[in-house]
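The values are calculated or read from the model by the stated rules, or taken from the named source; none is laboratory data. Quick caveat: nothing in here was measured; it's all calculated off a predicted structure. Note that each Cβ is placed from the backbone with ideal geometry, even for glycine, and that neighbours are counted across all protein chains shown. Surface accessibility is based on the protein's heavy atoms, side chains included, excluding ligands, DNA and RNA. Shrake-Rupley method; radii C 1.70, N 1.55, O 1.52, S 1.80 Å.
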Amino acid sequence: MGRLSLSPEQQAVFELIENTREHVFVTGRAGTGKSTLLGHLSWNTEKSIVICAPTGVAALNVGGQTIHSLFRLPIGVIADHDIDQTVELKKLLNSIDTLVIDEVSMVNADLMDAVDRSLRQARQRAGEPFGGVQVVLFGDPYQLAPVPGDQEERAYFADTYRSMWFFDAKVWQEADLRLVELLQVHRQHESEFRFMLNAVRHGQVTREIADRLNTVGARPAPRDGTITLATRNDIVNKINARALAELPGRALTAKAEVSGDFGGRTYPADEVLELKVGAQVMFLRNDVGQGDGPRWVNGTIGTVTRIDTNVFVDVDGQVHEVEPAIWEKFRYSYAPETKKLTKDVVAEFTQFPLRLAWAVTIHKSQGKTYDAAIVDLGSRAFTPGQTYVALSRITSLDGLYLTRPLRPGDITVDPDVERFMRDARPVTVPVTAGNG
């Protein structure tokens, strides 16, 4: 990860985070390199930094901890309940310069305020937002929304906050959040497709754009294993099971090894992975092999050619031997001897970094890139942003296939997101002349 080079735009944002104490929200369309920037920050910062994310899988992907486990917060609305903190936790929270939260769009306002209160309390700086810690947020509110809780929780949010979104947390009435939008799209290179995706993102699809997307998408879907992105798990499981069953031979099973306290059921890959020769698979993480750059990245599609102790996968005509990968679950702790923050491995999950990939849910396709995909929105797109996430995974308009035409109801933007993005007036970081 430390080897990826940054674009001038990403470099400017890195310097803003590194050289100031400002609270920064790094956002940008799909494919603008938010993950690349976050990876660079975690490897290259001089600050004492802690990375966390709202879900277990998101935390594993960025080598961090979940917000709840980092701050030892109870699940559910925290409101004004007392927050218990052990001596160890207080020491840990006192050693942080910068707190990074990835996939922040899934964090609700109550949790954001609980993070603020935890830091003020632990650092005994009640009058300072986040107890004086710099907060850096990564995410795209046009793609993922916070998940509403039960009836009581919804009622609480309706009474207490303008919306459930992190940007409506009370702490922002005292703290300035600088919104920085990455503009350079590294995934799609055609200006026409980028323009259309932007219209979908902002819910400004004209009849002309819809007609163009629908005309292209209406071509018969290829039968060559092009991946299907669907709204529901059951559709995805059915497509994958059917395709696997159609292959000759018997399925071989790889069972994951789980050690330590993995907590919950949020595994980063299938606990039981069934494969056959000929199965279409997707890689679930970047290649960590040495040599001339990665042989595959998170989202690469290939075909299983041989199953031995390891799995052999053909990617674009080249067969790679794939070994089991280890996902490490981390916990941050404070070492009194060194007065330093340390990151310890508390659990490991070992499995081949593969999953069947004739189909995948739109939600799970987050952050992935495909040359072509069949988009199945079912009877309707469930949540605002879902259609945008699906379409923006694809690198070119040519690779888009739709199981049914897009309808106006498929393209919705949360009005709270529109308000925030309008009022926050995103600043693009000035890129110094001579850097492109």
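Percent of Cα-Cα pairs per 10 Å bin, from 0 to the last occupied bin, for region 255-367, please list those. Using 10 Å bins, I get a P(r) of 13, 39, 31, 13, 5, 1 for region 255-367.
For region 1-71, the set of GluC sites (Glu not before Pro) satisfying both a DSSP loop assignment and a count of at most 14 other C-beta atoms within 10 Å is given as Glu46.
Let me know the shape class of region 1-156, please: from the alpha-carbon gyration tensor, a ≥ b ≥ c as square roots of the eigenvalues, rounded when a/c is under 1.5, otherwise prolate if a/b is greater than b/c, or oblate. The shape class here is oblate. Taking Cβ atoms as reference points and 11 Å as the exclusive limit, the residues near Tyr370 contribute a net charge of +2, counting Lys and Arg as +1 and Asp and Glu as -1.
Considering region 78-123, its Cα convex hull presents a mean projected area of 3.5 nm². Computed over the chain with a Gaussian network model linking Cα atoms closer than 10 Å, the most mobile of Gly132, Gly409, Gly225 is Gly409.
Computed from point charges on the beta carbon alone (+1 for Lys and Arg, -1 for Asp and Glu), the dipole magnitude for region 112-250 about its Cα centre is near 440 Debye.
Remark: region 294-436 carries 49 Å² of accessible area per residue (probe radius 1.4 Å; ligands, DNA and RNA excluded). Can you find, among Val107, Ala335, Ala221, the residue farthest towards the positive end of the dipole of the chain? Put +1 on the C-beta of Lys and Arg, -1 on that of Asp and Glu. Positive-most Cα among the choices belongs to Ala221.
Using the Cα centre of the chain as the reference point, and only Cβ charges (+1 on K/R, -1 on D/E), how large is the resulting charge dipole? Debye, rounded to the nearest 20.
Details: 48 positive and 56 negative charges, 95 e Å.
Once rounded to the nearest 20, the dipole reads 460 debye.
Only beta bridges with both residues in the chain are counted; by DSSP, about 55 percent of them are antiparallel. Rounded, prolate or oblate: which one fits region 1-57, using the alpha carbon gyration tensor with axes a ≥ b ≥ c (rounded when a/c is under 1.5, else prolate when a/b beats b/c, else oblate)? In terms of gyration-tensor shape, rounded. Taking the chain as a Gaussian network of alpha-carbon nodes connected by springs under 10 Å, the highest mean-square fluctuation of the residues Gly293, Gly39, Gly64 belongs to Gly293.
Students often forget the sequence filter, so: which lysines lie under 25 Å Cα-Cα from Lys90 once same-chain residues fewer than 8 apart are removed? Within reach: Lys47, Lys170, Lys329, Lys339, Lys340, Lys343. Using only Cα atoms and rounding to the nearest 10 degrees, what angle (0 to 90) does helix 8-19 make with the longest principal axis of the chain? Computed tilt is about 30 degrees. Take the convex hull of the alpha carbons in the chain; its mean projected area over all directions comes to 22.5 nm². Average accessible surface for region 34-84: 44 Å² per residue, computed with a 1.4 Å probe over protein heavy atoms with every protein chain in place.
Quick check: at a probe of 1.4 Å, how many percent of the accessible area of the chain sits on carbon and sulfur atoms? Numbers along the way, then the final one.
Values: 10250 of 20850 Å².
Percent of accessible area from carbon and sulfur atoms in the chain: 49.
Accessible surface for region 166-281, divided over its residues, is 56 Å² per residue with a 1.4 Å probe.
How large is the charge dipole for region 96-136, taken about the Cα centre, if only the Cβ atoms of Lys, Arg (+1) and Asp, Glu (-1) carry charge, to the nearest 20 debye?
Numbers: 4 positive and 7 negative charges, 54 e Å.
Taking the Cα centre of region 96-136 as origin, the dipole is about 260 debye.
When ranked by the protection proxy of mean other Cβ atoms within 10 Å per residue, highest first, what sequence do the peptides 411-421, 328-338 form?
Working: 411-421: 17.8, 328-338: 15.5.
Per-residue mean Cβ counts within 10 Å order the peptides as 411-421, 328-338.
Within the same chain, lysines fewer than 8 places from Lys238 are excluded, and of the rest, those with a Cα less than 18 Å from its Cα are Lys276, Lys364. Separation of region 297-365 and region 223-249, taken as the distance between their Cα centroids, equals 22 angstrom.
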